[in-house]
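The values are calculated or read from the model by the stated rules, or taken from the named source; none is laboratory data. Since the model is a prediction, treat every value here as computed from it, not as a measurement. Every residue, glycine among them, receives a Cβ derived from its backbone with ideal geometry; neighbour counts consider all protein chains shown.
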Amino acid sequence: DTAVSQTPKYLVTQMGNDKSIKCEQNLGHDTMYWYKQDSKKFLKIMFSYNNKELIINETVPNRFSPKSPDKAHLNLHINSLELGDSAVYFCASSPGGMGGELFFGEGSRLTVL
Amino acid sequence: GNSVTQMEGPVTLSEEAFLTINCTYTATGYPSLFWYVQYPGEGLQLLLKATKADDKGSNKGFEATYRKETTSFHLEKGSVQVSDSAVYFCALRSNAGKSTFGDGTTLTVKP
């Protein structure tokens, strides 16, 4: 069983379109995240939810909207896609507490043409 | 705010060479420290961690020691293998539960 699973793994779309990436974790963790990894492998946090509540919202355009229907799911919807949105998006989850590490999904590679 | 600075890559080594990837951090309080590894085409996975000063994390022949006096958490391995080729990320997790990652170091090990 995959602990953190995200779909789709690959997404190719045109500029201006709207797309969603889904994420589910079966670890029973309270906190979930979305990270963006660019072509240089830099990893940047976008959002964090704890028990369905938004707790971290970094400087991300309003076109990005996370939704957490329950604590096991955190989806990412992107409106009006731009070329610069091309990246690999990683979902992650973690248990509570400082020592808890992050568990990452395999990533969703988004290519905007 | 918190920050993590790790050795710039890419790093290229021959098989069986000694590996060090430097990592220093800036943080208030007493963070937990982590090394994550990302193999090609995969997500990040935990390699090792240390939650308090002087703790040593170890896994798969890799080691790192939490040095509070030098605010460092350098990654070492005595003899690397081709299969260790990956991107390595140093990270910290603050008292408030927020994670901060370094920029990643790409390691290539040649036979």
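Quick rundown of the values:
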quantity: Residue within segment A:72-86 that is more than 25 Å from B:Gln38 (Cα to Cα), more than 13 Å from chain B (Cβ to nearest Cβ), in contact with a Phe, Trp or Tyr (Cβ under 6 Å, 6 or more places away or on another chain) and at pLDDT below 95 present; calculated: no
quantity: Top-ranked residue of segment B:83-111 - restricted to ones that are more than 11 Å from every other protein chain (Cβ to nearest Cβ) and free of Cβ contacts under 8 Å to residues at least 60 places away in the same chain, ranked as surrounded by the most Cβ atoms within 10 Å (Cβ to Cβ); calculated: B:Ser85
quantity: Lone unmet requirement of (1) surrounded by 17 or more Cβ atoms within 10 Å (Cβ to Cβ); (2) within 24 Å of A:Leu43 (Cα to Cα); (3) modelled with pLDDT of 95 or more for B:Val80; calculated: (2)
quantity: Output for segment B:40-71, where each listed residue is under 19 Å from B:Thr106 (Cα atoms) and not hydrophobic (A, V, I, L, M, F, W, C); calculated: B:Pro40, B:Gly41, B:Glu42, B:Gly43, B:Gln45, B:Asn59, B:Lys60, B:Gly61, B:Glu63
quantity: Evaluation of B:Leu75 against (1) modelled with pLDDT of 95 or more; (2) at negative phi; (3) surrounded by fewer than 21 Cβ atoms within 10 Å (Cβ to Cβ) (one fails), failing number; calculated: (3)
quantity: Residue in segment B:51-65 that is closer than 19 Å to A:Ser93 by Cα and without any contact (Cβ under 8 Å) to a residue 60 or more places away in the chain present; calculated: yes
quantity: Criterion: more than 14 Å from chain B (Cβ to nearest Cβ) and either under 26 Å from B:Tyr88 (Cα atoms) or free of Cβ contacts under 8 Å to residues at least 12 places away in the same chain (or both) - qualifying residue of A:Leu27, A:Leu110, A:Leu102, A:Leu43; calculated: A:Leu110
quantity: Within segment A:1-57, strands (runs of 3 or more DSSP E) holding 1 or more residues that are out of contact with any helix residue (DSSP H, G or I) (no Cβ under 9 Å at 6 or more places or on another chain), at pLDDT 95 or above and surrounded by 13 or more Cβ atoms within 10 Å (Cβ to Cβ); calculated: A:4-7, A:10-13, A:19-25, A:31-37
quantity: Qualifying residues in segment B:1-54 (those that are of a type in the set (Ser, Thr, Tyr) and closer than 15 Å to A:Lys41 by Cα) - the one surrounded by the fewest Cβ atoms within 10 Å (Cβ to Cβ); calculated: B:Tyr39
quantity: Considering residues of segment B:87-102 that are in a loop (DSSP other than H, G, I, E, B) and among the polar types (S, T, N, Q) only, the residue nearest to B:Val4 (Cα to Cα); calculated: B:Ser94
quantity: Any pair with Cβ under 6 angstrom, 6 or more apart, that starts in segment B:1-14 at a residue that is within 13 Å of B:Glu76 (Cβ to Cβ) and ends at one that is aliphatic (A, V, I, L, M); calculated: B:Met7/B:Ile21; B:Val11/B:Leu107; B:Leu13/B:Val80; B:Leu13/B:Val109
quantity: The lone exception for B:Ser32 - which of (1) touching a Lys or Arg at 6+ places or on another chain (Cβ under 7 Å); (2) closer than 29 Å to A:Val4 by Cα; (3) of a type in the set (S, T, N, Q); (4) away from chain A (no Cβ under 12 Å) it fails; calculated: (4)
quantity: Residues satisfying the stated conditions in segment A:73-96, i.e. of a type in the set (Gly, Ala, Ser) and under 24 Å from B:Gly41 (Cα atoms); calculated: A:Gly84, A:Ser86, A:Ala87, A:Ala92, A:Ser93, A:Ser94
